[in-house]
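To start, the structure under review is shown below, and the notes come after it.
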Amino acid sequence: MSSAEEIVYAAPCPSCPATAEVTAGLAWTGGRLEWGSEHHCEACGAELLDCGRDEPPAALRGRLLAAHGPTRLEFPRAGAAVMKVLRAELGLSLADVRRVVREGYEATGPEAARLAEALRRAGPAGQPVVNRRRSGRE
């Protein structure tokens, strides 16, 4: 399971009409999700750095999923301990947890690594089955 994913893409420069190159990523490190992006414009030399912890911005998450494909976690032996972890880690209602147990959970590689680690702490019954789907761009 991937503990870091990175992408490079073009975006409008925040300082001039040119296009900037953006390098962005998400990692599961030190027991936390950390994300960051760096914008660099060749035309005007502008640099913009942005970073944070825990939930990544939705646009970054979407780009990572499109570029790397989702990692799917399945829960074949989901008992009360697994459902409790899923509720706590994902902030889901009991009905949504039941749906995730039935249908599986898709996330970026680092997000799946975070959840899998929390499930492992729940004991042997918490071991998810991991299926990595690749996009056509890798």
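In the stretch 46-62 there is at least one residue matching the filter, namely being closer than 19 Å to Cys13 by Cβ and of a type in the set (Asp, Glu).
I'd like to check something: does the stretch 55-65 contain any residue that is over 20 Å from Glu5 (Cα atoms), of a type in the set (Lys, Arg) and touching a residue at least 24 places away in the same chain (Cβ under 8 Å)? Even if it seems obvious, please write down each step before you answer.
Within the stretch 55-65, the first condition is being over 20 Å from Glu5 (Cα atoms), and the residues that meet it are none.
Scanning the stretch 55-65 turns up no residue that is over 20 Å from Glu5 (Cα atoms), of a type in the set (Lys, Arg) and touching a residue at least 24 places away in the same chain (Cβ under 8 Å).
Entry remark, the stretch 54-109: residues being modelled with pLDDT of 90 or more, of a type in the set (Gly, Ala, Ser), over 28 Å from Thr23 (Cβ atoms) and open to solvent by 60 Å² or more (accessible area, probe 1.4 Å) number 3 in total.
Condition check ((1) within 23 Å of Pro128 (Cβ to Cβ); (2) in contact with a Pro (Cβ under 7 Å, 6 or more places away or on another chain)) across all residues:
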position: Ala18; (1), (2): no, no
position: Ala27; (1), (2): yes, yes
position: Gly45; (1), (2): no, no
position: Asp54; (1), (2): yes, no
position: Gly69; (1), (2): yes, no
position: Gly79; (1), (2): yes, no
position: Val85; (1), (2): yes, no
position: Leu94; (1), (2): yes, no
position: Gly104; (1), (2): yes, no
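The values are calculated or read from the model by the stated rules, or taken from the named source; none is laboratory data. All values reported here derive from a predicted model rather than from experimental measurement. Positions of Cβ are generated from backbone atoms using ideal geometry, with glycine treated the same way; all protein chains shown enter the neighbour counts. Please note that ligands, DNA and RNA were not included when accessible areas were found on the heavy atoms of the full protein model with its side chains. Shrake-Rupley method; radii C 1.70, N 1.55, O 1.52, S 1.80 Å.
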